[in-house]
Amino acid sequence: MARSRTEPLKCRTISLAQSHAFQLSRDLMFPVTVFEVDGEYGVLPADEIDADDDLEIVHEYDPW
């Protein structure tokens, strides 16, 4: 079964997640969001985050 959502990039440290998010945002020219869940950090395109997801938003990177 295909997933309709993008699989998040997972990182154990906030600095690694932030570095990946910044570079991904600049490469794709698209806003991305760093979030935390269960002590780990992830990065997803900003439009993939839903208000009812159980995520703590850390930062959103906007390439503009």
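Quick rundown of the values:
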item: LEU28 in contact with a strand residue (DSSP E or B) (Cβ under 7 Å, 6 or more places away or on another chain) and not acidic (Asp, Glu); result: no
item: Any pair with Cβ under 9 angstrom, 6 or more apart, that starts in the range 38-64 at a residue that is over 14 Å from ARG26 (Cβ atoms) and ends at one that is loosely packed, with under 13 Cβ neighbours inside 10 Å and of a type in the set (A, V, I, L, M); result: ILE49/ILE57
item: Cβ-Cβ under 6 Å pairs, at least 6 apart or on other chains, the range 14-33 side of a type outside the set (A, V, I, L, M, F, W, C), far side part of a helix (DSSP H, G or I); result: PRO31/ALA46; THR33/ALA46
item: Residues that are of a type in the set (D, E, K, R), within 11 Å of the chain's Cα centre (by Cα) and open to solvent by 80 Å² or more (accessible area, probe 1.4 Å), drawn from the range 6-55; result: GLU7, LYS10, ASP47
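The values are calculated or read from the model by the stated rules, or taken from the named source; none is laboratory data. Given the structure is predicted, the values throughout are model-derived calculations rather than measurements. Note that each Cβ is placed from the backbone with ideal geometry, even for glycine, and that neighbours are counted across all protein chains shown. These area figures cover heavy atoms from the full protein model, side chains too; ligands, DNA and RNA do not enter into them. Shrake-Rupley method; radii C 1.70, N 1.55, O 1.52, S 1.80 Å.
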